[in-house]
Amino acid sequence: MSNNEKKDLLAIDDLIDDLDDIINWAIKYKNDESIHQDFKPLDGMAIGSIYEKPSTRTRVSFEVGVSRLGGQPLTLLANDIQLGKSESIGDTAAVLSRFLDGITYRCFGHADVEELARTSTVPVINALSDLHHPCQSAADLMAIREHANPEGHIAWVGDGNNVFHDLALAGLALGYDVKYATPVGMEPDSNVLSRCEDIASKTGAKIIGTNDPIEAVKNAAVIYTDIFVSMGEEHITDKFSAFEGFQVNEELVAHAYHDYVFMHCLPAHRGEEVTDAVIDSPNSIVLDQAENRMWAQMSILTYLCNNDAWHAYNEM
């Protein structure tokens with residue numbers, strides 16, 4: 001990709017050709033403290049972040065990451081701008097493109113971030129939508145590469161949601177087998193699964209679905225779960241009851257490798273999808289995941305907004 005070619009990140013497979021390098025770049029930069037003071041690839045750039053949903057990790061990691069790279073972070077909350085209210089997404093994108101060098105968008109509907117990317121002339125990063133969460137998966141694969149036993153598979157227990165979609169796409173792209181257990185009727189999006197199968201056919205990895213959590217976690221190197229009822233789904237009645245038997249607890253994790261790692265994108269509803277005994281155990285790497293949001297996004301931001309600088313550091 002040339003530095004003048006606009007590229008967006010709406011789902012993690014948008015960057016599939018360079019995903020391995022993007023993650024390795026993030027790990028290298030994270031541990032290369034000698035360059036942190038001098039490497040400022042976003043110097044003179046402004047990155048705007050639009051939030052329709054509340055955020056802890058996403059907002060802080062983007063603001064601090066942009067600042068560390070020498071850029072100016074600008075946070076735009078839903079009530080700060082007219083997006084989707086008195087101004088169309090297309091008009092907002094066109095105007096913001098005149099001021100900003102990149103836009104991140106944490107939204108409800110995936111079609112909205114697609115429209116923002118289509119009408120923007122600067123790179124757009126999906127900071128979460130109802131269908132995809134690519135920045136989370138980049139951080140997750142960083143943590144897996146740093147901590148997990150490479151001999152086992154990634155096991156997902158819970159809803160077939162946006163976090164799972166990009167975790168599976170990214171994991172398969174990097175050669176990890178993925179086994180997922182969801183309640184009946186809460187399987188992942190069929191289009192995303194089709195993309196997963198296509199990626200798996202090229203990397204030799206496998207993706208297997210089941211409705212049995214024990215089957216999914218047996219001999220797993222990674223056990224990953226998320227809240228059972230996501231933000232914006234509180235109106236869906238009886239959804240929580242469908243997850244009986246899906247709690248990640250000491251009984252369930254006993255079926256995994258003894259050195260398995262536990263992962264959760266946070267926030268966690270302790271006592272619901274996971275017990276304190278698991279999330280607070282030595283096997284838990286949830287805080288490493290959270291920190292890696294910043295490092296992974298710094299790699300993605302540099303890749304999209306100053307590709308020449310990204311390649312120059314990657315080749316050092």
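Values in this text are rule-based calculations from the coordinates and carry no lab data. Everything quoted here is computed from the prediction, not taken from an experiment. Every residue, glycine as well, gets a Cβ built from its backbone with ideal geometry; the counts of neighbours run over all protein chains shown.
Quick notes
- Near HIS153, the amide H atoms lying under 5 Å from its own belong to ALA221, VAL222; only residues 5 or more places off or on other chains count, and H is placed 1.01 Å from N.
- Summed side-chain charge close to HIS147 - residues other than HIS147 whose Cβ falls under 14 Å, Lys, Arg +1, Asp, Glu -1: -4
- Local electrostatic count at LEU19 - Lys and Arg +1, Asp and Glu -1, tallied over other residues with Cβ under 14 Å: -4
- Neighbour net charge for SER61 - beta-carbon separation under 9 angstrom, K R +1, D E -1: +1
- Taking Cα atoms only, the orientation of helix 190-203 departs from the longest principal axis of the chain by about 90 degrees.
- Cα-based reach from LYS202 at 20 Å (exclusive), listing lysines while leaving out same-chain residues under 8 positions away: LYS179
- Using the rule -39500 (n - 2.57) for each DSSP H run of four or more residues, divided by the residues of the chain, the 222 nm mean residue ellipticity is -12000 deg cm²/dmol.
- Taking a straight line from the alpha carbon of LYS85, these lysines sit under 19 Å away, with near neighbours fewer than eight places off in the same chain left out: LYS53.
- When both the range 256-316 and the range 97-173 are represented by their alpha-carbon centers, they are found 12 Å apart.
- Proximal aspartates and glutamates relative to LYS40, as straight alpha-carbon distance under 13 Å, when same-chain residues fewer than 8 apart are discounted: ASP308
- Mean separation of Cα contacts under 8 Å, 6 or more apart, over the residue count of the range 206-316: relative contact order %: 26
- The range 136-290: translational diffusion in µm²/s, Stokes-Einstein, Kirkwood Rh over Cα pairs, 37 °C, 0.692 mPa s: 216
- When the Cα positions of TYR29, ASN292, ASN249 are compared along the charge dipole of the chain, TYR29 comes out farthest toward the positive end, with charges on each C-beta of Lys, Arg, Asp and Glu.
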